[in-house]
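Asker: Before we start, here is the structure in question, set down as C-alpha cells.
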Amino acid sequence: MSLLDGIHHVSLNVDDAEAGRAFYEDILGLRRLERPDLGIPGFWLDAGDFQIHLIEIPGHQAPAGQHFAFRVADAEATRARLIDHGVEVSEPSPIGTGRQCFFHDPAGNLVGLNQPDPPA
C-alpha cells in the first residue's frame, strides 16, 4: 500500500518568473492561484490535479534531461495548438499504448505531453 496520495505540486526554477507565468497561463491555459509573499518572485498555477510552482532564480539554467509531463487527451492536437503559438514541439512518438512529445518552457525546462490512450 502506498503512503502517497498523488502529486500536489511540481516546483520549477525559472530565470524570469513573469515570462514563465505568461507561458503557463496564457499559452498552456493554467489558472493562477494566490501565492503568499515568500520573499522571492514566483507564481503558483493550477494544473488540474496538481499545481506548478514557478520560482525565480536569476541566471537559472535548466538541467539536461530532467522533465515532467502533462497528460493530454490528444497529443497531436495539443502539439498543433502549441505550434500555433510559436512553441517548438517534437513529433509525437509511441510509448507503451500511448504517445508523447516534448517542448521547452521559456526557462529551458523540458516539458512533455503524454497521451496515455488513443484519442477518442
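Asker: Out of all DSSP beta bridges in the chain, what portion is antiparallel? Express it as a percent rounded to 5.
Answerer: Given both bridge residues lie in the chain, the antiparallel proportion sits at roughly 60 percent.
Asker: 222 nm [θ] for the chain, helices only, -39500 (n - 2.57) per DSSP H run of 4+, per residue, to 500?
Answerer: -3000 deg cm²/dmol
Asker: OK, next. With a probe of 1.4 Å, find how much accessible area the chain has per residue, and write the answer as a whole number in Å².
Answerer: 63
Asker: Another one. Quick one: pull the percent of accessible area on the chain belonging to carbon and sulfur, 1.4 Å probe, ligands and nucleic acids left out.
Answerer: On the chain, the fraction of accessible area on carbon and sulfur atoms equals 53 percent.
Asker: Something else about it: Where in the stretch 52-84 does the label zone of ASP37 land, with the point 7 angstrom along Cα→C-beta and an amide N cut-off under 19 Å?
Answerer: 55-56
Asker: May I ask you to work out the translational diffusion coefficient for the stretch 1-92 at 4 °C, viscosity 1.567 mPa s, via Stokes-Einstein with Rh from the Kirkwood sum over Cα pairs, reported in whole µm²/s?
Answerer: 88
Asker: What longest range of the chain stays clear of loop-exposed GluC sites (Glu not before Pro) (DSSP non-H/G/I/E/B, at most 14 other C-beta within 10 angstrom)?
Answerer: It runs 35-87.
Asker: Ok, one more. With the contact rule set at Cα under 8 Å and sequence spacing of 6 or more, what percent relative contact order holds for the chain?
Answerer: So the answer I get is 25 percent.
The values are calculated or read from the model by the stated rules, or taken from the named source; none is laboratory data. Since the model is a prediction, treat every value here as computed from it, not as a measurement. Heads up, the Cβs are rebuilt from the backbone with ideal geometry, glycines too, and the neighbour counts pull from every protein chain shown. Ligands, DNA and RNA are stripped out before the accessible areas are found, and what is left, the full protein with its side chains, is counted by its heavy atoms. Shrake-Rupley method; radii C 1.70, N 1.55, O 1.52, S 1.80 Å.
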